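Written below as structure tokens is the structure these notes are about.
The values are calculated or read from the model by the stated rules, or taken from the named source; none is laboratory data. The shown structure was predicted, so the numbers you read here are calculated from the model rather than taken from an experiment. Don't worry about glycine lacking a Cβ; one is built from the backbone with ideal geometry, like all the others, and counts go over all protein chains shown.
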Amino acid sequence: MADDKINIHKDHRKKVKERFFECGFTGMPDHNILEAILFLGIPQKDTNPMAHELIDTFGSLSGVLEAKKSDLMKIKGMTENAAFAIMSYLPVNRRYIESLQKKKPVFENTDQIVEFLRPLFFEKSTLERVFVMCFDSKNRLIICRHICDGDLSSAFFDIRELTRVVLEVNAQKIILAHSHPHGVALPSGDDISVTKYVYEMMKFIKVHLDDHIIVTDTSYMSMANSRHYTHIFHGLEPIDFNS
């Protein structure tokens with residue numbers, strides 16, 4: 001019976017790994033992603049219950065990835081190797097992004113941009129984080145820079161820092177991105193006001209604001225691709241869809 005149980009777990013691991021090799025973590029539930037990470041530190045054991053317990057304890061996948069070793073070790077069955085695997089995930093992602101920026105990548109669509117950005121928002125998941133992506137005239141990424149933490153009100157958003165970064169790297173166009181942790185991917189009144197303000201300020205220094213992307217744990221919104229907000233990025237008046 002014990003051997004049968006081990007074989008079941010082995011087959012499950014094989015299926016999770018095959019799915020990852022086929023399409024990465026795209027569409028994979030959070031607990032399965034954690035299972036895959038736990039495979040590295042817990043051999044020959046069903047990690048599904050632990051993955052669920054981790055999410056229940058820390059509230060979300062991002063909460064687990066940000067957890068301290070002392071807190072992770074309180075989970076029944078947790079090993080030091082498994083804790084190391086969990087804690088190393090975000091630092092490796094950050095190093096990957098730093099390395100990728102040196103290659104000046106070109107993104108083909110918004111999905112790729114969000115996939116690039118999402119690990120940056122994991123680092124402090126309880127705060128709204130604001131980043132600017134700076135591009136050259138050939139749409140190659142020059143740099144992705146953290147601007148501030150907090151909502152996009154005048155109390156937190158520093159247009160001077162944004163302008164300094166843009167001028168420093170001689171950007172031709174930019175994309176603004178910020179997170180709505182545990183919220184919905186819809187712009188607030190402050191988000192809309194700041195987007196308009198940034199567009200006008202960038203226009204003054206001959207830099208184009210291409211988009212403002214709002215990212216949540218599970219979704220995102222491109223304001224430039226929304227019929228309700230696309231006018232902002234062309235310096236136009238809003239369209240009245242009710243008329």
First in segment 44-61 and assigned by TED's automatic domain parsing to the domain that holds ILE86, second anywhere and surrounded by 16 or more Cβ atoms within 10 Å (Cβ to Cβ) and small (Gly, Ala, Ser), Cβ under 6 Å, 6 or more apart: PHE58/ALA67
Filter result for LEU152 (under 20 Å from MET201 (Cα atoms) and at pLDDT below 90): yes
Hits in segment 187-213 (condition: among the charged types (D, E, K, R) and either in a helix (DSSP H, G or I) or closer than 22 Å to ASP111 by Cα (or both)): ASP190, ASP191, LYS196, GLU200, LYS203, ASP210, ASP211
In segment 185-243, residue farthest from VAL114 (Cα to Cα) [restricted to those that are aromatic (Phe, Trp, Tyr) and at pLDDT 90 or above]: PHE204
Residue selected from segment 135-149 under the condition more than 17 Å from the chain's Cα centre (by Cα) and in a strand (DSSP E or B), by the criterion modelled with the highest pLDDT: PHE135
Residue in segment 77-84 that is of a type outside the set (A, V, I, L, M), in a helix (DSSP H, G or I) and at pLDDT below 90 present: no
Tally of residues being in a loop (DSSP other than H, G, I, E, B), among the hydrophobic types (A, V, I, L, M, F, W, C) and at pLDDT 90 or above across segment 170-184: 1
